[in-house]
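Have a look at the structure below before the remarks.
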């Protein structure tokens, strides 16, 4: 089972929302879909889900096209839009019964009980959806997306606005879905990606700029050394010593210096400090972060 996105493009009048986007995701993957606001993430998810027709390209799930055979395709996907539309006057369990009838699920009571337990809604199943907190509404939305056991789960900003405890629980839930399905979710929270994703797809200005595992994404980047001086280092940065070094000043006492040769870098910084009579409080190796990579890719 695989999701194949082939040459998707979409324009709104003169604005290009998605430009010739292609990627493949295999079953068992949790993939983070990243990009700045306006990069084309939501538009892409809508095109994959079949809610928006692309100008060019196609989407295949296990070889089935969402344009040529939309009925079969739609039976295989679950989609949670960013807005999370719910029938707030319905009770939670009543809503799931309605969805089970729409999907023509065999043994609906059994499946409803399974999905309620899976999404942690046992204590809330007899409450009205409109009475629930945002975190529980998100659980209801995810449950609605997976009740028919889809092969592909699309989640658009599923953790937006949640508190830290809710974030942890929803992340664990999303990760658990990959046992039976492909999971593609968009997010602005990079910690989420590093916590639960095996790979990432990054869009910038409607184009694909990265499609790789997190480990591979971090490999080409330089690690660095975080140096904390007792003295204000700013007046010394005009020294010739710093001309051929890549560094970022994060504080008047702190520099992050990048290099492919960390042991040698530490040595020359210590020699420089000794020569200038500077005192170093800390000298720590600092690996490149996902935030730094994202910044590089989208600036």
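The values are calculated or read from the model by the stated rules, or taken from the named source; none is laboratory data. These numbers come from a predicted model, not from an experiment. All Cβ positions, glycine included, derive from the backbone under ideal geometry; neighbour counts span all protein chains shown.
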**Q.** Spans of helices (runs of 4 or more DSSP H) in the range 1-114 with at least 3 residues touching a helix residue (DSSP H, G or I) at 6+ places or on another chain (Cβ under 8 Å) and farther than 17 Å from residue 201 by Cα
**A.** 92-102
Q) Among the candidates 67, 118, which residue alone is modelled with pLDDT under 95, assigned by TED's automatic domain parsing to the domain that holds residue 187 and closer than 24 Å to residue 7 by Cα? A) 67
Q | Answer from 278, 262, 217 - the residue that is at pLDDT below 80 and more than 30 Å from residue 23 (Cβ to Cβ) | A | 262
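Given the structure, is residue 8 closer than 20 Å to residue 81 by Cα, buried (at least 22 other Cβ atoms within 10 Å of the Cβ) and assigned by TED's automatic domain parsing to the domain that holds residue 155?
On the way: closer than 20 Å to residue 81 by Cα: yes; buried (at least 22 other Cβ atoms within 10 Å of the Cβ): yes; assigned by TED's automatic domain parsing to the domain that holds residue 155: yes.
So residue 8 passes the test.
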Q: Quick one: which residue in 80, 61, 86 is surrounded by 15 or more Cβ atoms within 10 Å (Cβ to Cβ), under 25 Å from residue 161 (Cα atoms), touching a residue at least 60 places away in the same chain (Cβ under 8 Å) and assigned by TED's automatic domain parsing to the domain that holds residue 22?
A: 80
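Could we say that residue 101 is surrounded by fewer than 17 Cβ atoms within 10 Å (Cβ to Cβ), on the phi < 0 side of the Ramachandran plot and either at pLDDT below 95 or outside the structural domain of residue 48 (by TED's automatic domain parsing) (or both) here? Break it down into steps so the answer makes sense when it comes.
On the way: surrounded by fewer than 17 Cβ atoms within 10 Å (Cβ to Cβ): yes; on the phi < 0 side of the Ramachandran plot: yes; either at pLDDT below 95 or outside the structural domain of residue 48 (by TED's automatic domain parsing) (or both): no.
Taking the combined requirement at face value, the residue does not satisfy it.
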